[in-house]
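Working notes, beginning with the structure itself.
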Amino acid sequence: MTASLLALRGIGKAFPGVRALQDVDLTIERGEVVALIGENGAGKSTLMKVLAGVYRPDAGELWLDGALVALKSPAEALRLGIALIHQELSLCDNLTVAGALFLGAELRRGPFLRRRAMDVQARHWLLRLGLTVEPAALVATLSPGQKQLLEIARALRAKARVLIMDEPTSSLTLPETERLFTLVRELRDQGVGVVYISHRLGEVRELADRVVGLRDGKNSGELQRAEITHERLVGLMVGRTLSATRRVAHVPGDAVLQVKGLRTAAFPQAVVELAVRRCEVVGIAGLLGSGRTELLRALFGADRALAGDVTIAGKATAGRGPGAAAAAGLVLLPEDRKQQGLVLGMSVRHNLSLPTLRGRGVLIDRAYEAALAMRAIAELEIAARGPDQIVGTLSGGNQQKVVLGKWLAANPRVLLLDEPTRGVDVGARSEIYARLHALAAQGLAILFVSSELEEVLALADRALVMRQGAIVGELAGAALTEANVMMLATSMESR
């Protein structure tokens, strides 16, 4: 009998105060796509880091081609043909695209780098993923979606036998995702074993030959291809029934956010005009690079607009920075919560109180801070051991709730959200949707960006579609369909 390409047996891993994995088994066969699913905190990423040599397990064994191996580092795992595409991007911003692609495997002639050869090969791998950036460009200049594609290109260049994809489409739009799916199928046909981790259950149903579930650091079950349904996937993940996602109708009031003649540095020729009303949820859809994030950052004042007026309930904020925007009642939950939304080394309590600190002189009002933290933890159902838990140790969904909680404490009028459920599991996603609908019902104006059309359809009263920095169409009611969004986003006429 031929041995499995890879087998993990009885894997255990603990961190101070947390047992992340307990007696976990996982096998991967040649030419098979295995989806690993579970809620945030279930142990998926920890298990994959064990497999990729990032962590050493406290218990259990790893077998590769029938041989027992003990991985001491990611470099050793890669040498054996195991490549991990991290959920949290691991690129060095100061490198060029080609330098990042070949990091640790540079082409040399003696002590000198063969830069031209690396640039030529880099173009090949970048074009295979449809990534049209120059090999000499700095990684720091790339968008999160472009960085995600570069991570994938690195793994493809390494010609891995076992490829681990941890939320690979979290920053990708539909065309990029479809291109990635084609590559996954090609790799499977070439005998590569693929471990695919995603909270997007539609992707799991489309790609997986087999599904393995994790819950609370333990195996929760397994599904063969013919058994994969949405209900069974949710059962493996959460062990409970979730209410179906549905669009909630809101009755909008007067316009709160009004934007006229706005031009951003990223798209200086495009002029944006829009309005969002009280009790209204407006989605912004479009392809990667269409200018959605740039628009939200300009509205909040994080990036200076070239021209235009932004008013919140009649109060002008354009050109005055994030402080003026927040003071007027406009706040932003950024796309990258770890880099731009949280201070990972600080506690939940300190993060929640940052925008609304109270005190006298240099002394902070600790009683206010503690009361705010306990209220936010209870109202948003933040799963933390307490307000003093370091926020960087929380799951992605609970980190997003902390970002939301800190801005809700400022009593905003307008809530801007950039990819509000990126990297968030199905249970936390359902909770965030319910919270946003409740906030709209209470009078907030909500404007959000999402690369997931299903999310736009579930949340938005209206959808604005962007292309090349401009709003090229508005859809509502029966016209708000996936087909119409994509027609506008890809320059085809809506009908």
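Things worth noting here:
- The combined condition, being touching a residue at least 12 places away in the same chain (Cβ under 8 Å), more than 26 Å from ASP336 (Cβ to Cβ) and aliphatic (A, V, I, L, M), is not fulfilled by ALA483.
- Number of positions in the stretch 108-150 that are farther than 19 Å from LEU287 by Cα and either in a helix (DSSP H, G or I) or at pLDDT below 85 (or both): 13
- Restricted to the stretch 1-79, the set of strands (runs of 3 or more DSSP E) holding at least 2 residues that are within 27 Å of the chain's Cα centre (by Cα) and either closer than 21 Å to ARG154 by Cβ or not polar (S, T, N, Q) (or both) comprises 6-15, 18-28, 33-37.
- Output for the stretch 158-195, where each listed residue is part of a loop (DSSP other than H, G, I, E, B) and more than 21 Å from the chain's Cα centre (by Cα): ALA158, LYS159, ALA160, ARG161, GLN190, GLY191, VAL192
- Among the candidates LEU417, LEU447, residue that is in contact (Cβ under 8 Å) with a residue 24 or more places away in the chain, in the same structural domain as GLY323 (by TED's automatic domain parsing), under 30 Å from GLY239 (Cβ atoms) and of a type outside the set (S, T, N, Q): LEU417
- Filtered residues of the stretch 449-480 (kept if part of a loop (DSSP other than H, G, I, E, B), farther than 21 Å from ALA298 by Cα and modelled with pLDDT of 90 or more): ALA460, ASP461, LEU480
- Test: residue in the stretch 194-214 that is on the phi > 0 side of the Ramachandran plot and out of contact with any helix residue (DSSP H, G or I) (no Cβ under 8 Å at 6 or more places or on another chain): no
- Hits in the stretch 302-349 - residues which are of a type in the set (Asp, Glu) and crowded, with 22+ Cβ neighbours inside 10 Å: GLU335
- Odd one out for ASP65 among (1) on the phi > 0 side of the Ramachandran plot; (2) crowded, with 18+ Cβ neighbours inside 10 Å; (3) of a type in the set (D, E, K, R): (2)
The values are calculated or read from the model by the stated rules, or taken from the named source; none is laboratory data. This one's a predicted model, so the numbers in the text were calculated from it and none came from an experiment. Don't worry about glycine lacking a Cβ; one is built from the backbone with ideal geometry, like all the others, and counts go over all protein chains shown.
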